[in-house]
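To start, the structure under review is shown below, and the notes come after it.
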């Protein structure tokens, strides 16, 4: 089987989200004896080919001509896909909410196309209370129109995307994201540090990090031993135009400032050792599609605090495998963190439940088998199609 992933985020450096998903699944498919290629558009300085544990990674230089670059990019990528198909026939061509727009055109109709819903532009813009820009919404709808098969990382993202894009209840298959249980496991590090809360994720508003740092004043008053370690890359604050990290630092009270540290971006390979030291893994996202970071914390056997919004209840059973709260406000976050910090028995019980759920539902081997079963159904014509 030759599986080609269209991805503009295959990690050239530490990266999360869709890039990590494609890398994890791609490597696992190669280990199972299949051929995998990841192809996408990147900044010119990243262009070229490389090998990542058997995954062939092709980074094409992104076009720069104003007004024409979108169409030039589509032409360039489709041309490369045709060449790949001639070299080694593509069995499955998979894209996401953004990259599936490259389907169609001169691509052979015999290539099965799969769009995996990770939560696209319209999904997240709407969740943030913003009105999606018309031309970007059009491109996203076109991607769904050209994809023959749909798969979603959670039932929530599948149903919500159908509503937002007017897909008229197109059938989709749900395959949740996964975690490498050999990498993320309870004995991956030196052990828990008392009072340590870990957040790992890009510093953006939708991750709920602002509400978390605001909550730290109340948490520090109740639990003087607490420490919040924030791991993740900085971004541009859309309101100030400056560093979002500086915006977060400015929101800290003098007391909270003594208990919060910004650790910067971290390589993925170091994450298990970092999470192993956490008493609590806190991911207060306002919206997710199916968060990989949550299940990494669960696989580590940690008490996870996350959001009850969106797919939250699909991923974590509240009070059994973690705590789910309304993360749009700092007060519920503070109250839940204090409760967890003051009750080691609760943390241990939730951590055990979380590890069990990760092993039962989110293991990499199970994930690979689910995807192979789906791909075979696509090839045999038994999977739901457009």
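Give the angle, between 0 and 90 degrees and rounded to the nearest 10, that separates the Cα long axis of helix 209-222 from the longest principal axis of the Cα atoms of the chain.
Helix 209-222 and the main axis of the chain meet at about 20 degrees.
What angle do you read, to the nearest 10 degrees and between 0 and 90, between the alpha-carbon axis of helix 364-380 and the longest principal axis of the chain?
30 degrees
With springs only between Cα atoms under 10 Å, which of 343, 96, 237 fluctuates most in a Gaussian network model of the chain?
In this elastic network of the chain, the residue with the biggest mean-square fluctuation among 343, 96, 237 is 343.
Quick one: angle between helix 155-165 and the longest Cα principal axis of the chain, in degrees between 0 and 90, rounded to 10, please.
60 degrees
R0 = 22 Å: FRET efficiency of residue 222 with residue 317, Cβ-based, nearest 0.05? Could the numbers behind the result be given before it?
On the way: r = 26 Å, r/R0 = 1.20.
About 0.25, to the nearest 0.05.
Strictly greater than 19 Å: what percent of every Cα pair in the stretch 80-133 meets that? Numbers along the way, then the final one.
Details: 577 of 1431 pairs.
Tail of P(r) above 19 Å: 40 percent of Cα pairs.
Please state, to two decimals, what the Cα-based radius of gyration of the chain comes to when divided by 2.2 N^0.38 Å (N = residues). Don't jump to the answer; show the numbers that get you there.
Working: Rg = 21.2 Å, N = 386, 2.2 N^0.38 = 21.2 Å.
Normalised Rg, Cα atoms only: 1.00.
Calculate, in nm to one decimal, what residue 44 and residue 236 gain on full extension: separation in residues at 0.36 nm each, minus their alpha carbon distance.
Length difference between fully extended and current span is 66.9 nm.
Can you sort 175, 82, 292 by how many other beta carbons sit within 10 Å, fewest first?
Numbers: 175 19, 82 16, 292 23.
Ranking 175, 82, 292 by Cβ neighbours within 10 Å, fewest first, gives 82, 175, 292.
Of the DSSP beta bridges with both residues in the stretch 246-386, give the percent that are antiparallel, rounding to the nearest 5.
Taking every DSSP beta bridge within the stretch 246-386, about 0 percent pair in antiparallel fashion.
So what's the projected area for the stretch 196-361, the Cα convex hull averaged over all directions, in nm²?
Details: hull surface 34.8 nm².
So the mean shadow area of the Cα hull is 8.7 nm².
For the stretch 96-197, compute the orientation-averaged projected area of the C-alpha convex hull (one quarter of its surface), in nm².
On the way: hull surface 40.1 nm².
That works out to 10.0 nm².
Among DSSP beta bridges lying fully in the chain, give the percent that are antiparallel, nearest 5. Let's see the in-between values first.
Details: 6 of 50 bridges.
Just about 10 percent of them are antiparallel.
Laboratory data are not the source of any read-out in this text; all were calculated from the coordinates shown. Just so we're clear, the structure is a prediction, and the values are computed from it rather than from any experiment. Cβ coordinates were reconstructed from backbone atoms using ideal geometry, including for glycine residues, and neighbour counts include every protein chain displayed.
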